[in-house]
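Everything on this sheet refers to the single structure shown next.
Only the coordinates and a few stated rules stand behind these numbers; no lab work does. Quick caveat, the model's predicted, so the values are computed rather than measured. No Cβ is skipped: glycine too gets one built from the backbone with ideal geometry, and neighbour counts run over all protein chains shown.
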Amino acid sequence: MAASDKAARAKKNSDKGKGQRQPADEAKTRSNAAIVKSEIGFDIDDPKLPDHIADNALTAGGYPYDKKLKRKAYEKQLGELQFELVKLQTHIRKTGTRLVVLFEGRDSAGKGGCISRFMQHLNPRHARSVALPKPTEAERGQWYFQRYVPHLPTAGDITLFDRSWYNRAGVERVMGFADEAQVADFLRDAPEFEALLVQDGIKLFKIYLTIGRETQLERFHERRHDPLKQWKLSDIDLAALTKWDAYTKAQHDMFRFTHTPTAPWTAIRANDQRRARLECIRLVLTAFDYDDKDADAVGAIDPKLTGSTDALFFGS
């Protein structure tokens, strides 16, 4: 689609969405958007995305592909992988396995999309997504990990965390909701907490979705101007646009302290959301043996996109 067509569609969608946000919320968003423009020179309120961002959004941060996966190929692979997930859930129910998958990453990295495709055809009685709101006053007085423990699965169940206890290592650290001592305590304690989970038999996967700078800007711009996605754009998101380097440092520290043999991290390059969703599902499926597993349908993990190497952890 030409840039002029994208701009016209963005303006049309923006016009449709007028009146959907409360005036006070809209005024606050515009104020925060003005701060973003002042600090990094990006006008998120301009319905036309700058060409240099649009042109580099896919390949930003060293992404290895210059074209997105075609929809037809994506839908075929997704359907096959989701069928394998149903088989896996049957295996988990039969064996009493407890599966936990953490999805972490920068704002707009695509965590929700990966989780929704993972969950789409599973039995919701035994598979659920957890996205906790900000802690209550009582929870702020608890042991930090305590609020997450009740959401861990029982035998035969699956829990996917849309952000997790790693909020402390990322958002809370960068936005000043946790002080240096609290962050240091967390980075020391998280590996011990996770070791206890694994030793108790929980199958734990920690997935971090990485995206490039221009990718994030493009996605935030789309959220700002698409009325169906405006609810996704929060003041915290806008603040994140001015704190790219701080989030990078937090991400690197998190990998250094919490990537362990017992509970390793896996990074997935997620500039192309379609490929990232497939890789997330493949990562889990390849770790299990279950009845009637179709190895051809599961396929192989793409080492250009997925792994636990320094290049994937610290390259962008």
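Descriptive notes on the structure:
- In degrees, nearest ten, helix 244-258 long axis to first principal axis of the chain (Cα): 10 degrees
- For the set K87/K111; K72/K249; K111/K134; K70/K94; K48/K134, the pairs lying more than 26 angstrom apart at their alpha carbons are K72/K249; K70/K94; K48/K134.
- Cβ-Cβ distance of A184 and D55, R₀ of 35 Å, FRET efficiency by 1/(1 + (r/R0)^6): the value works out to about 0.30.
- Put simply, the amide H of F205, placed in the peptide plane, has neighbours under 5 Å in V100, V101, L102, leaving out anything fewer than 5 places away on its chain.
- Protection-proxy order for peptides 100-109, 219-228, 52-61, each taking the mean of Cβ atoms within 10 Å per residue, highest first: 100-109, 219-228, 52-61
- Directionally averaged projected area (region 158-316, Cα convex hull): 10.9 nm².
- Of interest is the spacing of the C-alpha centroids, which for region 135-180 and region 28-70 amounts to 30 Å.
- Nearest 10 degrees, 0 to 90: helix 180-199 Cα axis against the chain principal axis: 40 degrees
- If the segment from A155 to A311 were pulled out straight at 0.36 nm per residue, it would be longer than the present Cα-Cα gap by 52.5 nm.
- Ordering of 229-235, 210-216 by packing is 210-216, 229-235, highest average first (other Cβ atoms within 10 Å, averaged per residue).
- For the chain, the dipole from Cβ point charges (+1 on Lys and Arg, -1 on Asp and Glu) about the Cα centre works out to 980 debye, to the nearest 20.
- For the chain, the 222 nm mean residue ellipticity estimated from helices alone, with every DSSP H stretch of n ≥ 4 adding -39500 (n - 2.57) and the total spread over all residues, rounds to -15500 deg cm²/dmol.
- Helix 71-95 vs. the chain, principal-axis angle (Cα, 0 to 90°, nearest 10): 30 degrees
- Table column - 3J(HN,Hα) (Hz), region 128-145, Karplus curve with 6.51, -1.76, 1.60, x for Gly and Pro: 8, 9, 10, 9, 6, x, 4, x, 6, 4, 5, 5, 5, x, 8, 4, 3, 6
- In the calculated pair-distance distribution of the chain, the portion above 36 angstrom amounts to 20 percent of the Cα-Cα pairs.
- Were the residues from A73 through E39 laid out at 0.36 nm apart, the gain over their Cα-Cα distance would be 8.2 nm.
- Kirkwood Rh in Å, taken over all unlike Cα pairs in region 31-143: 18.6 Å
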